[in-house]
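The values are calculated or read from the model by the stated rules, or taken from the named source; none is laboratory data. Note that the structure is predicted; figures quoted are calculated from it, not measured. Because the Cβ atoms are built from the backbone with ideal geometry, glycine has one as well, and the counts that use them run over all protein chains shown.
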Amino acid sequence: MQKKNAQPISEVLSDFLESHGGLKTKLAEHRAVKGWHELLGEGVAKYTRNVYFSRGVLYVNLSSSVLRAELRMSKEKLIERLNEHAGVPVIRDIVLR
């Protein structure tokens, strides 16, 4: 027996996250940080020391200067791909250290 006001769980969660504005953004930020390892793979992940997000900027500490230079050249594409992975454009810049 179906209820009159039944909604798919995805809609309920989406409504909940929108009504609590900060949660949706925080979740997207977490997905962006997690996306660094998922999108760039194990090769980059083994040279990555630390990845964190603060005020629209993704900070990435790398142990390889060659990889750092390579990633700087494709920074705009990385921002685009990570924002797409996060589902919301939360990354304004990436700082590679």
Residue satisfying all of: in segment 73-97; of a type in the set (A, V, I, L, M, F, W, C) and assigned to a loop (DSSP other than H, G, I, E, B); farthest from Asn61 (Cα to Cα) among these: Val88
Matching residues in segment 54-69 - criterion: being at pLDDT below 95 and either basic (Lys, Arg) or closer than 17 Å to Gly41 by Cβ (or both): Arg55
Among (1) modelled with pLDDT of 90 or more; (2) surrounded by 10 or more Cβ atoms within 10 Å (Cβ to Cβ), the one test that Ala28 misses: (1)
Residues being farther than 13 Å from Val33 by Cβ, polar (S, T, N, Q) and loosely packed, with under 12 Cβ neighbours inside 10 Å - total across segment 48-73: 2
Any hit, segment 13-24, residues being touching a helix residue (DSSP H, G or I) at 6+ places or on another chain (Cβ under 9 Å), surrounded by fewer than 11 Cβ atoms within 10 Å (Cβ to Cβ) and of a type in the set (D, E, K, R): yes
Residues of segment 1-57 satisfying the condition of being aromatic (Phe, Trp, Tyr) and either under 15 Å from the mean Cα position of the chain (by Cα) or assigned to a helix (DSSP H, G or I) (or both): Phe16, Trp36, Tyr52, Phe53
Qualifying residue in segment 41-54 (condition: under 17 Å from Val90 (Cβ atoms), out of contact with any strand residue (DSSP E or B) (no Cβ under 9 Å at 6 or more places or on another chain) and not small (Gly, Ala, Ser)): no
